[in-house]
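Take a look at the structure below.
The values are calculated or read from the model by the stated rules, or taken from the named source; none is laboratory data. Model, not experiment: these values are computed from the prediction. So basically every Cβ, Gly included, is an ideal-geometry build from the backbone, and we count neighbours across all protein chains shown. Surface accessibility is based on the protein's heavy atoms, side chains included, excluding ligands, DNA and RNA. Shrake-Rupley method; radii C 1.70, N 1.55, O 1.52, S 1.80 Å.
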Amino acid sequence: MRIAEIYRSVQGEGALTGVTSTFVRASGCNLRCWFCDTPHASWRPEGEDLSVAEILGRIALLDCSHVVLTGGEPMLFAEMIPLCEGIHAAGRHITIETAGTLYLPLACDLMSISPKMSNSAPAMDDYPRWHRRHEQTRTAPDVIRRLTEEHAYQFKFVIDRPADAEEALRYLERFPQIDRTSVFMMPQGAEQCELETTGKWLQPWCDQHQLQFGPRRQIEWYGAVRGT
Ligand code: SF4
């Protein structure tokens, strides 16, 4: 499996914000969000091919109780199944960061699902093939149902404008089984000032709708810096 990077940092998003974790970033994605903050694992996938045993060895060296399997889209890779088994056998907590379009039968303590809304599509004029594929692929209701039935979960939506927040609400209406207290609305942006501008209306909007506001603390702590 191609791995873009393995590093130790602090989780900046969702329910485990503040928890020191080892991040394993699989390289490759079935989507192409225009705002992707890890293009080295999607638009221009890079990294080295590592065996499951090699990845487990690097995780052991970093020695964190929590491991985040992210991407790209980690659920693209069947090697995730033995990798999760190995991480669990070592007694570590597993979070998987996924867009929720692909299913694998694997061990996981927190399925962290970031569904992609219509605001994520790449420009049709510049990327017509990827635009079509992205729009055909980004919503997979059966996968969402299965992942939420089988795992503890959280949802994270990336929000730019009020219309995006309203679209996320309509999305949630399709899945009444989703626990709203596990839903985070996160401002889109690579700069702290962008996050703060969106946060000014998004935070009270979240309060109004009994959803969590997710400030994306890693941008505040480190900036949009690779390996953090
Ligand atoms: S799904 Fe995630 S990794 Fe893939 S292109 Fe979108 S933001 Fe990037």
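Counting the residues of the stretch 96-138 that are over 22 Å from V68 (Cβ atoms), within 12 Å of the ligand (Cβ to nearest atom) and not basic (K, R) gives 8.
Going through (1) open to solvent by less than 10 Å² (accessible area, probe 1.4 Å); (2) within 26 Å of M117 (Cα to Cα); (3) assigned to a strand (DSSP E or B) one by one, T22 falls short only on (2).
Which of the residues spanning the stretch 138-163 are of a type in the set (S, T, N, Q) and open to solvent by less than 40 Å² (accessible area, probe 1.4 Å)?
If the condition is that a residue be of a type in the set (S, T, N, Q) and open to solvent by less than 40 Å² (accessible area, probe 1.4 Å), then T148, Q154 are the ones that fit.
For the stretch 42-56, a residue qualifies if it is touching a Ser or Thr at 6+ places or on another chain (Cβ under 7 Å) and on the phi < 0 side of the Ramachandran plot, and the qualifying residues are P45, E46.
Look at the stretch 135-154: where a residue is under 19 Å from F184 (Cβ atoms) and a partner is assigned to a helix (DSSP H, G or I) and open to solvent by 60 Å² or more (accessible area, probe 1.4 Å), sitting 6+ places away or on another chain with Cβ atoms under 7 Å, you get Q154/A15. If the condition is being farther than 23 Å from I113 by Cα and part of a loop (DSSP other than H, G, I, E, B), then the stretch 47-78 contributes G47, L50, S51, D63.
Kindly indicate whether H88 is at pLDDT 95 or above, under 20 Å from P39 (Cα atoms) and part of a helix (DSSP H, G or I). No.
Could you please give the count of residues in the stretch 51-71 that are open to solvent by 10 Å² or more (accessible area, probe 1.4 Å) and over 18 Å from L110 (Cβ atoms)? Quick ask: steps written out before the conclusion?
Looking only at the stretch 51-71, we keep the residues that are open to solvent by 10 Å² or more (accessible area, probe 1.4 Å), and these are 51-54, 56-58, 60-63, 65-66, 70.
Next cut, over 18 Å from L110 (Cβ atoms) only: 51-54, 56-58, 60-63.
Of the residues in that region, 11 qualify.
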